[in-house]
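One structure below.
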Amino acid sequence: TDAQISPGDSGGPLVNASGQVVGMITAGAKTLPNQTRSDTGYAIPVNDAVVIVNKIRGGQSSDRIIIGPAGFLGVAVQAVDAATATQLSVNGGALVIQVVPGTAAQSAGISVGSVITSVGGRSIGSPDQLGPAIYVHKPGERVSVTWVDGSGSHTTTVALTSGPAV
């Protein structure tokens, strides 16, 4: 479709020329900072949206469907670069680039430059795997976290906090 998507449209209907709802808008991407409309929009087919709605109504959460508040570790991460992988002897994980003050990550001693390799017994091979491993847990739940830094490998149990909506 050629629908124009603006900030705030996420969750809204995608309608065809006949007025039929054919999808649900999920995101838009802008290329210029002051742009009010997106150059590229993303949507899911309405049938997929209905399946997800029915799972939510049935209380069926997963690592892709989050019902209620999700746990929050308190880190921003990116892919592990080759130099860090060599220095810390890791084959993947999530490289910590920011630690939010007052969060479980800070309390545990996870610092910028650490590589998170496991959460709740789930291996973390890339940054994309970290969110789903955390979001299946609720605020207050205690989970084990393993990370590697310049002083070696560490594992501890942390109480996740409540974070921003995901």
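The values are calculated or read from the model by the stated rules, or taken from the named source; none is laboratory data. Since we're looking at a predicted model, the values are computed, not measured. All Cβ positions, glycine included, derive from the backbone under ideal geometry; neighbour counts span all protein chains shown.
Quick test of your reading of the structure: residue 88 fulfils all but one of (1) assigned by TED's automatic domain parsing to the domain that holds residue 147; (2) closer than 24 Å to residue 164 by Cβ. Name the failing condition by number.
Among (1) assigned by TED's automatic domain parsing to the domain that holds residue 147; (2) closer than 24 Å to residue 164 by Cβ, residue 88 violates only (2).
Here are some residues: 89, 126. Which one is of a type in the set (S, T, N, Q), in contact (Cβ under 8 Å) with a residue 40 or more places away in the chain and on the phi > 0 side of the Ramachandran plot?
Working: 126 fails: on the phi > 0 side of the Ramachandran plot.
89 is the lone residue from the list that is of a type in the set (S, T, N, Q), in contact (Cβ under 8 Å) with a residue 40 or more places away in the chain and on the phi > 0 side of the Ramachandran plot.
Select, from 144, 89, 153, the only residue that is under 19 Å from the mean Cα position of the chain (by Cα) and more than 30 Å from residue 51 (Cβ to Cβ). Steps first, answer last, please.
Working: 89 fails: under 19 Å from the mean Cα position of the chain (by Cα); 153 fails: under 19 Å from the mean Cα position of the chain (by Cα).
Just a single option satisfies the conditions, and that option is 144.
Filter the stretch 145-166 for residues that are part of a strand (DSSP E or B) and over 16 Å from residue 72 (Cβ atoms) and give the result.
Going through the stretch 145-166, the residues part of a strand (DSSP E or B) turn out to be 145-149, 152-159, 161-162.
Residues satisfying the conditions are 146, 147, 148, 149, 152, 153, 154, 155, 156.
Inspect all residues belonging to the stretch 73-83 and state whether any of them is of a type in the set (A, V, I, L, M, F, W, C), out of contact with any Pro (no Cβ under 6 Å at 6 or more places or on another chain) and without any contact (Cβ under 8 Å) to a residue 12 or more places away in the chain.
Scanning the stretch 73-83 turns up at least one residue that is of a type in the set (A, V, I, L, M, F, W, C), out of contact with any Pro (no Cβ under 6 Å at 6 or more places or on another chain) and without any contact (Cβ under 8 Å) to a residue 12 or more places away in the chain.
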